[in-house]
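The values are calculated or read from the model by the stated rules, or taken from the named source; none is laboratory data. Keep in mind it's a predicted model, so treat the numbers as computed, not measured. With ideal geometry, Cβ positions are generated from the backbone for all residues, glycine too; neighbour counts draw on all protein chains shown.
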Amino acid sequence: MRTSRYWIAAATTAAMLALAGSVTLAAPVKSQVLLKSPVYGNIPKVTLRGVKSGVAPWVAAGNATLTRTHLSVSGTWLLIPPGIMASGAPVPKTLVGTTAGVKSVVAVVTDAEGARVVTKPTPLSKAGTFTFNVPVHLKGPVNDPIVLIGPPGKAPHSILAWFAATDFLKQYGTATPQMVRAWSAGAKKTHKGSGGYGSKSGGSTSKGGGSTSSGSGW
């Protein structure tokens, strides 16, 4: 009898362990990773989420991770390379390889609705090194997040221009078969119902608009 009870208990324990091993617990919402991306330099004359880019090209190396409760961005070599300014003129040799005297930067967390978080300024070294490791409080949907890096604006909680950003081109510029099929089906319905393709506005506009300040910035 004792032997039977022993084997029943052992079998029950083994079954429970196997079941526990097969169950994957979902990550808590607060630790959900909303964005994990490298950080890249800007492109002059490109407005992103309502924020203008710097008038000079910038390069950067780094990574950003965003959850609902935390933003971590570390980067280096946020510097001006040889290239062309927004004006069309070559970058002055005196600016190449420098931060153009910019001593601090802010990070702006944006989504499709606009700016959600603007951090306090953090130092930018002469070598272009910067770090953000700050708590955030993001509630509700966070659609298509992009993190912008740039000098603080004159107004509180604002950014003058973006010098670097997370990889919005790869995230939103890659077509997939599913996308194309969905668009094709939608276009056919639109054509059948209204006699034409396209939107009423005749163009594409960004709904989001980050906090900005007047001024050109480098």
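Observations, loosely collected:
- Reported count of residues in region 101-118, each being assigned to a loop (DSSP other than H, G, I, E, B) and within 14 Å of the chain's Cα centre (by Cα), is 2.
So that you can scan it fast, the table gives a plain yes or no per residue for (1) at pLDDT 95 or above; (2) of a type in the set (Asp, Glu); (3) out of contact with any His (no Cβ under 9 Å at 6 or more places or on another chain):
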| position | (1), (2), (3) |
| --- | --- |
| Ala107 | yes, no, yes |
| Ala115 | no, no, no |
| Lys126 | yes, no, yes |
| Pro135 | yes, no, no |
| Gly140 | no, no, yes |
| Asp144 | no, yes, yes |
| Gly150 | yes, no, yes |
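- A residue that is at pLDDT below 95 and not polar (S, T, N, Q) cannot be found anywhere in region 75-86.
- Qualifying position, being surrounded by 15 or more Cβ atoms within 10 Å (Cβ to Cβ), over 13 Å from Leu78 (Cβ atoms) and touching a helix residue (DSSP H, G or I) at 6+ places or on another chain (Cβ under 6 Å), among Ile146, Ile159: Ile146
- Of all positions in region 50-69, none carries a residue that is under 12 Å from the mean Cα position of the chain (by Cα), assigned to a strand (DSSP E or B), modelled with pLDDT under 95 and aliphatic (A, V, I, L, M).
- Top-ranked residue of region 70-100 - restricted to ones that are assigned to a loop (DSSP other than H, G, I, E, B) and of a type in the set (Gly, Ala, Ser), ranked as surrounded by the most Cβ atoms within 10 Å (Cβ to Cβ): Ala100
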